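Report on one structure; see the data block that follows.
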Amino acid sequence: MYDLQKIRNDFPILGREVYGRPLVYFDNGATTQKPRSVVEAMTNEYLNVNANVHRGVHFLSQQATDLHEQARETVRRFINASSVSEVIFTRGTTESINLVASSFGQAFIKDGDEIIITAMEHHSNIVPWQLLQSRVEVKLRVCPVSDDGRLDLDALARLFTSRTRLVACTAVSNVLGTVNPIADIVRMAHAHDVPVLVDAAQSTPHMAVDVQSLDCDFLAFSGHKVYGPTGIGVLYGKERWLDRMPPYMGGGEMIGKVSFEHTTFNVLPYKFEAGTPDYVATTGLACALDYVSALGFDAIGSHERSLTAYARQQLSQIPGMRFFGPSDDAVISFLVGDIHHLDLGTLLDRLGIAVRTGHHCAEPLMHRLGIEGTVRASFALYNTFEEVDLFIAALQRVVAMF
Ligand code: PMP
């Protein structure tokens, strides 16, 4: 039983009003709201446990370390990694991808090599590779997107050459809601002996992820998009790659022995975790992953898919409606006639509806679509059909103004 009212009670913010109207929060692709259990677990840790992890002999430090390492085990289970050595805590998807670009780049990418990305990537899976270009002459080859918002897999197959060193691809587009066939892409890349990095920022909140069955080599996600705190995320990497990659940052925690002449590095995953980690956020993240796991992705996915289909069907009744992408997942991007996306978003806000407008950190995709931006409604496990009705009514009012 998917008890939506009970679920909503877990998220106090959903009960608030904006401009004297009930809040309808449809900006979940940007960040999700937090259940009370996540906030309480973090507050409890600050109030009752707080001590720096890993280095202390004293009681609190050991308790904080236990919570932190249990959180790593929770993440391992959530993505079905084979070992906690493969679970690196980062600040989020962006840092995870930068880590791979920097460290994998240093170890495995030489002048003349190539990396394949796609035309629907978020800036955080484009710019780190461009930064790498300031160190080595690496060419970015870009898999095109069709008019209906899907990757052209035949074109992708033709992009591989003997110089391809990595494929970096999003699991779900944050603009189009396209769910990409990651397992097929991994198989295609592995047939060329090329590893694959998956940007799972938009998939982890909506569908189960199993890194072993996907067989991906790296996978990145952010805690805040999956009902956890900000400032914490994960990089999964296969041990056989991580072992051969140099550290990303230097400092405490990531070392074995240090002298002025020579420093050795810690074992995985600590080699990639310099400095004091956000050990309170890891507790919050684990709590959030437990929360979604208890509901189950079958139930979450089925609720979100019917909500998305209903919203899209209702939106399609509005004259001048233009959709961008297939909305396989809980994301709908649209424009109405030639009304500017910012005008739509601003007026919707005044009616209590929170949506996102703009290029959604995917400017190259906007160029491909020949637009400047869209309005994006993105749904979460706590959204309701009544909220969709409020959104549609508000949008009809706004459109009528033009
Ligand atoms: N990739 C995708 C597909 C995203 O949607 C986002 C967030 N909008 C990111 C990467 C970056 O995530 P973060 O800002 O949490 O690092």
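The values are calculated or read from the model by the stated rules, or taken from the named source; none is laboratory data. The structure displayed is predicted, hence computed values, not measured ones. For neighbour counting, all protein chains shown are included, and Cβ atoms are generated from backbone atoms with ideal geometry for every residue, glycine included.
Going residue by residue through the range 69-91, is there one that turns out to be surrounded by fewer than 23 Cβ atoms within 10 Å (Cβ to Cβ) and within 13 Å of the ligand (Cβ to nearest atom)? The answer is yes; a qualifying residue exists. Quick check on the range 171-191: of everything there that is within 11 Å of the ligand (Cβ to nearest atom) and farther than 19 Å from Asp298 by Cα, which residue is surrounded by the most Cβ atoms within 10 Å (Cβ to Cβ)? The residue in question is Ser173. Restricted to the range 21-125, the set of helices (runs of 4 or more DSSP H) holding at least 1 residues that are in contact with an Asp or Glu (Cβ under 8 Å, 6 or more places away or on another chain), closer than 20 Å to Thr204 by Cβ and not hydroxyl-bearing (Ser, Thr, Tyr) comprises 59-79, 93-108.
Annotation note: of Glu363, Glu386, Glu372, the sole residue that is within 16 Å of the ligand (Cβ to nearest atom) and of a type in the set (Asp, Glu) is Glu363. Gly275 meets all of the listed conditions (1) touching a strand residue (DSSP E or B) at 6+ places or on another chain (Cβ under 8 Å); (2) in a loop (DSSP other than H, G, I, E, B) but one, namely (1). Exactly one of these conditions fails for Ala157: (1) farther than 25 Å from Val75 by Cα; (2) in contact with a Pro (Cβ under 8 Å, 6 or more places away or on another chain); (3) small (Gly, Ala, Ser). Give me its number. Failing condition for Ala157: (2). The criterion of at least 1 residues that are of a type in the set (A, V, I, L, M, F, W, C) and buried (at least 22 other Cβ atoms within 10 Å of the Cβ) is met, among strands (runs of 3 or more DSSP E) falling completely within the range 294-402, by 321-324, 331-336, 374-378.
Screening Asn98, Asn44, Asn48 for residues that are within 16 Å of the ligand (Cβ to nearest atom) and farther than 30 Å from Ala394 by Cα leaves exactly one candidate, Asn98. For the range 229-240, the set of residues classified as more than 10 Å from the ligand (Cβ to nearest atom), of a type outside the set (Phe, Trp, Tyr) and farther than 22 Å from Ile300 by Cα consists of Leu235, Gly237, Lys238, Glu239, Arg240, listed by residue number.
The set of residues from the range 276-333 being among the polar types (S, T, N, Q) and either closer than 17 Å to Ile79 by Cβ or at pLDDT below 95 (or both) comprises Thr282, Ser293. Suppose the filter is within 13 Å of the ligand (Cβ to nearest atom) and either of a type in the set (Phe, Trp, Tyr) or out of contact with any Leu (no Cβ under 8 Å at 6 or more places or on another chain) (or both); does Thr118 pass it? Criteria not met by Thr118. When we screen Phe108, Phe104 for residues that are exposed (fewer than 15 other Cβ atoms within 10 Å of the Cβ), within 17 Å of Met245 (Cα to Cα) and not assigned by TED's automatic domain parsing to the domain that holds Gly325, the only hit is Phe108. Mind counting the residues in the range 246-265 that are under 33 Å from the mean Cα position of the chain (by Cα), farther than 14 Å from Thr90 by Cβ and surrounded by 12 or more Cβ atoms within 10 Å (Cβ to Cβ)? The qualifying residues number 5.
Determine, yes or no, whether Val226 is within 15 Å of the ligand (Cβ to nearest atom), under 21 Å from Asn125 (Cβ atoms) and touching a helix residue (DSSP H, G or I) at 6+ places or on another chain (Cβ under 9 Å). Answer is yes for this residue.
State whether one or more residues within the range 389-396 are free of Cβ contacts under 8 Å to residues at least 12 places away in the same chain and of a type in the set (A, V, I, L, M, F, W, C). Yes, there is a match, as at least one residue in the range 389-396 is free of Cβ contacts under 8 Å to residues at least 12 places away in the same chain and of a type in the set (A, V, I, L, M, F, W, C). Counting residues in the range 7-27 that are surrounded by fewer than 16 Cβ atoms within 10 Å (Cβ to Cβ), within 14 Å of Tyr227 (Cα to Cα) and not charged (D, E, K, R) gives one or more.
Scanning the range 192-208 for residues that are over 22 Å from Ala157 (Cα atoms) and either surrounded by fewer than 22 Cβ atoms within 10 Å (Cβ to Cβ) or among the hydroxyl-bearing types (Ser, Thr, Tyr) (or both), we see that the one that is nearest to the ligand (Cβ to nearest atom) is Ser203. In the range 132-153, the condition of being crowded, with 16+ Cβ neighbours inside 10 Å, in a helix (DSSP H, G or I), touching a residue at least 24 places away in the same chain (Cβ under 8 Å) and outside the structural domain of Ala330 (by TED's automatic domain parsing) is met by at least one residue.
With respect to being assigned to a loop (DSSP other than H, G, I, E, B) and within 16 Å of the ligand (Cβ to nearest atom), Ala168 falls outside the description.
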